[in-house]
Structure formats: C-alpha cells, structure tokens
Amino acid sequence: MCFESLRNSYFSTVDFQFRTQDFEQDVDEEAPAMKSKITVKKKLKKNEDVEEHALSLPYLSEEIIFQVLTRVPATYLHDKFRYMCKPWHNLISSTGFIAQNTQQNKSELLVLVPCTMKKVKLNYQVKVLEMDDKTLDFNLTNALLPRTREIRSSCNGLILVNDPNHSRSLCVMNMLTKSSLTLPACPSYCRHEKCAAALGFDQSAEEYKVVHMYADHLGFEIFTLGGSDNAWKKIRGPFKFSHERPYIIGHFKWSDPVSINGQVFHWNVDSNNYIVSMDISDEIPRKTVLPIHHGRNMHRFKFLEMGGKLALLYYVSNIQIDVWILEDFLGQNWMKTHRIMAEEVKCTIKSCLPDFSKLFAVAALRNGEVLIFRHRKNEYTSVYSCLYDIRRREMKMTKNMIIKKGRKFIHHRSSLIQWKNEEVTAKRLASLTSP
C-alpha cells in the first residue's frame, strides 16, 4: 500500500466537510464574483494546510493498514472507505479482507416488528438493537433494510428471507450490499407461512445450506447454495413412526430453529423430554435430551442462543429461573450455570420487581451476559421490557421498546460479501466468509 494513497485518503477525509460547504457556496450562480474569489482563496489555503499536515504522517505498511481496516465496521467500509482511493477499494473488495472483516464485526440484534395493512401480505419493519458497552441500556435504530418480508435466520452476514416477489420461494441476501439469490421452490410447495427454515454454513464442506421443514412426514428439505444441481434434496424426518411424535398433528407447526453459529439447529417439538437437533455438516436429525423432564410443563422452558451455545431457561417458579447451557452437543452434556432468584436481583425501581412467571425471555446479548425479557400483562398485552445483567444481578425496566407478541429477534453481523448471479458458486460464497 503506497504512502501516496494513504496521504490522499487522509486528505479526503479531513477536507471532506469544508470542501462540501465551499462547493455549496460555489454552485450559487447568483452570488457576486468577489464572493466567489474569496471562497476559492479560502479553499486553496485550507488545502495547503491539510496537505502540510498530511505530509507529517508516518509510513504504514500494507499489513498494518490491512489489520486496521478489518476492524472498521462494514457499514463504514462499504459507504465511505472503499471510495477513498483505488488501492483501498481493491483491498476492501478482496475475498481475504471480507472474510477477516466479517469475523471482526460486532454482533447486533435485528428486531422484526410486524406491520401490515388489510389485504396485504405480512411485512416487517426491521430495526437494529445495540447494547451500550458500559451501562445496562440499548440503542434502537432503523436497519439498512427498513421493510421486508419475514427474515428467517442469519449466518455470516447473510440473511434468509421470504422472497417478496414469489410466495413459494426463499431468498438469501446481504442487507448491506443488496446482493441476493432466489432459491427454487421447495419440493413440498410450501408457501413459507407456517414452516421452519434456517441458513447455515457447513465448515467441513465449505458450503452454505438452507434447511426447511414443513411437515415431518415429508422430511427435511436441504438446498446447497451454488450447488452444481441447483436443486433441493430430501432426507428423512426425525420420527420414523407416527406414534413417536410428541405432539398432535394439526395442533403443532414447526417454527424457525435456534441457530448456534449457523452450524447446529435446534427445534422445540413440544416435548417435555427432548428437542430435535441437526448438525449442518452431517445433516442427521437427532434427539437432544433435556436436563429437566419427568413430566414437567414444557411451556416453562425457553430456548435461546447465549454466547455461541444453546441455553435453556427453566421457569422454576414465579421467583426463580434456572439457566442451563448445552456445553457439549454431541455428548449432550448440560450444565446449570446461573440461578436467577427474585430476592437477589437488584432492580432499578424499588418495589417493582416483576413476577418471573410474566417474564418471557426473547434474546441474549453481550456474549450471553445480558438477557432481554418481555413483560406480559397477559397473553397478548406487553407493558414493558426488562434487561437483566447476569453477572451483576441487576435488572432494569424500560419502556423504550414495548415488545409485543409477534416480534422476532435475530442475531446478525454485517458483511461486505457480494456477488453477481452468474458468479454464484458454493466455493465462492464460502471463500468470502471463511477466514
């Protein structure tokens, strides 16, 4: 990376604001000629001052610049930094840089808010929730994709979403670069309204896969992005015989699984004893036995992704919640890591500690250190949301975000991955996100 490119990039960044202001003044054709001359002189003087300051910058090697830029959020790289100079544009567009930057980007939480009108298919308004690094608070902003169909899952900066133009198709896209790929209709001809779907990454084969389940008797349907045959394949469902199902057909529908790093999926199947899991690398559905069963009410269970592992929140009573973590997926080894007791919780508003039976966990943040709860006045009405710091045992109630029924929360990290449809292959997609 040449010093001249870095100097010019620095020059463009520092000088951007006043050059924009001067340009707005210069384009005024009705301004007096004397005013234009003064403006030009000021601009030249400022340019000289900035150039002299830029010349004092030390030389930075390409490796240092690479390491620095990979730590810049993908949004700034895509919107500003790649336009600084041609060397930076080539660097930021390289597959090695994109893969490294994807791993460095901070994970955020997508909040899907249902918004629809009569006789119009259900759409969602997408917001981004970011936790404050120092305080027990969050910031809620609009996402780059303000309104879309339902987002099903996220993996390495890519999202799986119901195709807005084809009711029977799913679409894989990048919200930042707007690259998209529409999948062919699945063999079950599902309309993707009452089904389960998720996007994952098979590290052993270096392939992105979409797993879809409409009804267990039809089996799982799996599609490999960029595969040579461009077709879905079917594998057997989790139950060999109908009497093995823990639910009554017609009273249960498959929902999107809890995704653990896009590699392992877990489905709640209304069983008091187990859940159905699948490692995307071997594509084998298996039963994961729960640490608590013996006829317990499964509605007192809640499954979340916490710190890259599956967590089970068990509502013991209205004053106690136990947190179990699946430490070893293949060995099915659970460990109880936390016990939340009402009497030990430090609440920001005294005498207002809510009834735990009315708290519905929706997501975990800060690598599993903070839990977000929806306080339910009843089944359909929410009063406020709660943030709970597990380490500090502190709970904060907030009305900044009233979490109503139907809202969905998905962990996501931005990525610079982009492609053209004719370039989509399994290996190319994998190379853009594999460090």
Which of the residues spanning the range 309-323 are open to solvent by 20 Å² or more (accessible area, probe 1.4 Å) and either under 23 Å from H412 (Cα atoms) or of a type in the set (S, T, Y) (or both)? K309, Y315, S317
Tell me which of these A185 doesn't satisfy, since it passes every other one: (1) more than 12 Å from the chain's Cα centre (by Cα); (2) under 25 Å from V269 (Cβ atoms); (3) of a type in the set (G, A, S). (2)
For the range 61-114, how many residues meet the condition of being among the aliphatic types (A, V, I, L, M), farther than 19 Å from T177 by Cα and open to solvent by less than 50 Å² (accessible area, probe 1.4 Å)? 4
Conditions: (1) farther than 22 Å from E108 by Cβ; (2) at pLDDT below 75. M395 meets all but one. Number of the miss? (2)
Which number in (1) in a loop (DSSP other than H, G, I, E, B); (2) open to solvent by less than 40 Å² (accessible area, probe 1.4 Å); (3) hydrophobic (A, V, I, L, M, F, W, C) marks the one condition that M278 misses? (1)
Filter the range 221-249 for residues that are out of contact with any Lys or Arg (no Cβ under 6 Å at 6 or more places or on another chain) and part of a strand (DSSP E or B); which is most open to solvent (accessible area, probe 1.4 Å)? K234
Within the range 126-145, can one find any residue that is open to solvent by 60 Å² or more (accessible area, probe 1.4 Å) and in contact with a Cys (Cβ under 7 Å, 6 or more places away or on another chain)? no
Filter the range 202-220 for residues that are aromatic (F, W, Y) and open to solvent by less than 10 Å² (accessible area, probe 1.4 Å); the one that is nearest to V276 (Cα to Cα) is F220
Residue check, Y315 against (1) more than 22 Å from the chain's Cα centre (by Cα); (2) within 22 Å of L330 (Cβ to Cβ); (3) part of a strand (DSSP E or B), all met but one. Which one? (2)
L140 of a type outside the set (S, T, N, Q) and under 19 Å from the mean Cα position of the chain (by Cα): yes
Unmet criterion (only one of (1) acidic (D, E); (2) under 24 Å from D282 (Cβ atoms); (3) under 13 Å from the mean Cα position of the chain (by Cα)) for E206: (3)
Does N261 count as under 26 Å from the mean Cα position of the chain (by Cα), closer than 21 Å to I325 by Cβ and open to solvent by 60 Å² or more (accessible area, probe 1.4 Å)? yes
So which of E130, E108 is in contact with a strand residue (DSSP E or B) (Cβ under 8 Å, 6 or more places away or on another chain), touching a residue at least 40 places away in the same chain (Cβ under 8 Å) and closer than 30 Å to M401 by Cβ? E108
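Please go through the range 184-201 and give me each residue that is touching a strand residue (DSSP E or B) at 6+ places or on another chain (Cβ under 6 Å), open to solvent by less than 10 Å² (accessible area, probe 1.4 Å) and on the phi < 0 side of the Ramachandran plot, ordered by number.
C186, A196, A197, A198, L199, G200
Looking at the range 166-175, can you tell me whether even one residue there is under 28 Å from H217 (Cα atoms), hydroxyl-bearing (S, T, Y) and in contact with an Asp or Glu (Cβ under 9 Å, 6 or more places away or on another chain)?
yes
Condition test on E379, is it of a type outside the set (A, V, I, L, M, F, W, C), more than 30 Å from T95 (Cβ to Cβ) and at pLDDT 90 or above? I'd like the intermediate steps shown before the answer.
Numbers: of a type outside the set (A, V, I, L, M, F, W, C): yes; more than 30 Å from T95 (Cβ to Cβ): yes; at pLDDT 90 or above: no.
When the stated conditions are applied, E379 does not pass them.
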Could you tell me whether T70 is at pLDDT 90 or above and under 27 Å from the mean Cα position of the chain (by Cα)? yes
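Show me the strands (runs of 3 or more DSSP E) found entirely inside the range 82-192 where at least 3 residues are in contact with a Ser or Thr (Cβ under 7 Å, 6 or more places away or on another chain) and either modelled with pLDDT under 85 or farther than 18 Å from G262 by Cβ (or both).
Where strands (runs of 3 or more DSSP E) fall fully within the range 82-192 and carry at least 3 residues being in contact with a Ser or Thr (Cβ under 7 Å, 6 or more places away or on another chain) and either modelled with pLDDT under 85 or farther than 18 Å from G262 by Cβ (or both), they are 123-131.
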Name, by its number, the condition in (1) farther than 29 Å from Y315 by Cβ; (2) without any contact (Cβ under 8 Å) to a residue 24 or more places away in the chain; (3) surrounded by fewer than 19 Cβ atoms within 10 Å (Cβ to Cβ) that does not hold for M173. (3)
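The values are calculated or read from the model by the stated rules, or taken from the named source; none is laboratory data. In this text, all values refer to a predicted model and were calculated from it rather than measured experimentally. Neighbour counts are summed over all protein chains in view; Cβ atoms, including those assigned to glycine, are modelled from backbone coordinates with ideal geometry. To get the accessible areas, we keep the full protein, side chains included, count just its heavy atoms, and leave off ligands, DNA and RNA. Shrake-Rupley method; radii C 1.70, N 1.55, O 1.52, S 1.80 Å.
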